1. Across the range 230-237, in residue order, what do the Karplus-derived ³J(HN,Hα) couplings come to in whole Hz, using 6.51 cos²θ - 1.76 cosθ + 1.60 with θ = phi - 60° and x for Gly and Pro?
2. Give the accessible surface of the range 86-242 per residue, rounded to a whole number of Å², with probe radius 1.4 Å and ligands, DNA and RNA excluded.
3. Show me the ranking of peptides 80-90, 252-262 by mean Cβ neighbours inside 10 Å, starting with the highest.
4. State, to one decimal in nm, how far the label point of SER235 lies from the label point of ALA194, with both points 7 Å from Cα in the Cβ direction.
5. Suppose we take every Cα in the range 176-262 and form the convex hull; what volume per residue is that in Å³?
6. Which of rounded, prolate or oblate describes the range 209-253 when judged by the alpha-carbon gyration tensor and an a/c cut-off of 1.5?
7. With r as the distance between the Cβ atoms of THR58 and SER246 and R0 = 41 Å, compute the FRET efficiency 1/(1 + (r/R0)^6) and round to 0.05.
8. So, with a 1.4 angstrom probe, what is the percent of accessible area on the range 37-120 that is carbon and sulfur?
Amino acid sequence: MRHAFGFAALALGLFVEAGGPALARDLPSSLIIIDTDGRMAPEAFAHATGLSSRELATRFGATGVVHCGGAVGTGQLVGAANVLVTAAHVLFAPDGTARASGPACGFVIEAGGQRRIVPIDMERVVTGSREPYDAPALQDWAVAPLAAVVAGARPYPLAPAMAVPGDVVLAAAASVGGVSRRSLQRCRARKVTAGGHGGLREVAIDCDAEGGTSGAALLSEQGGFLGVYVGFRSSHPGEAGPFSMSHYNFAVTAEGPLRRAIVRAAGTGEAISASR
């Protein structure tokens, strides 16, 4: 079984519009589709779910693109407008070194009606592991302070622990050829596949993902942050198929050390239980 990260530096997949079946011949190896592609552009998602444009921005507007050296992934503001959460492998190379620093490692987001680019403070990043390629996937998360507050942004609040099985919304900003294509998808957390310190869990999901999805948010219907997308495991990558333990995407829950890192960075003062 192949185990890989949904990571744009490895393979940039073509965005497949929602509404039609995903054809295997059209899927690059990094595009893992469960059944058919259920992702929607944010405006289409709002129409399908009855959200106003204001509600859409308030609940699901804190997602953007992370650029770090040659890597491109997804990230989001969580807890505060200067706290970025993403996957560790978006920021750190296989040898454990930072992929870049200064302006070469930044977060791009639409906020307050403007496109904003804010550098990531790589000196203060907290991760499960700075060598995520050699560590369990449970450690592939990063909480990264930004060099400045993103004006006009509405960060995702921390939600209660993810219910498994349970409904989630995947908010991604996969970037193809330098063009960001945000998407939202209602899908489900299906099965806990691993557990870690402080209640941190790895969870198999039936959401669809492509290159550049790494670091994307798993959210509640109300826009609360539940976890971060890490990658996929598949015996037939690039070929759409039903959810199974040999074909799924997976995420890490916002619990244990990840949750504590967010709380510390955001300065929310939230009390955290080790068993939470």
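The values are calculated or read from the model by the stated rules, or taken from the named source; none is laboratory data. Please read these numbers as outputs of a predicted model, since none were measured by experiment. Glycine also receives a Cβ, built like all others from the backbone with ideal geometry; neighbour counts cover every protein chain displayed. With ligands, DNA and RNA removed, areas are computed over all heavy atoms of the protein, side chains included. Shrake-Rupley method; radii C 1.70, N 1.55, O 1.52, S 1.80 Å.
1. 10, x, 9, 10, 7, 8, 9, x
2. About 37 Å² of surface per residue is accessible.
3. 80-90, 252-262
4. 2.0 nm
5. Per residue, the Cα convex hull of the range 176-262 comes to 111 Å³.
6. On the way: a/c = 2.45, a/b = 2.00, b/c = 1.23.
Prolate, because a/c is 1.5 or more and a/b exceeds b/c.
7. 0.60
8. Using a 1.4 Å probe with all protein chains present, the range 37-120 comes out at 54 percent carbon and sulfur.
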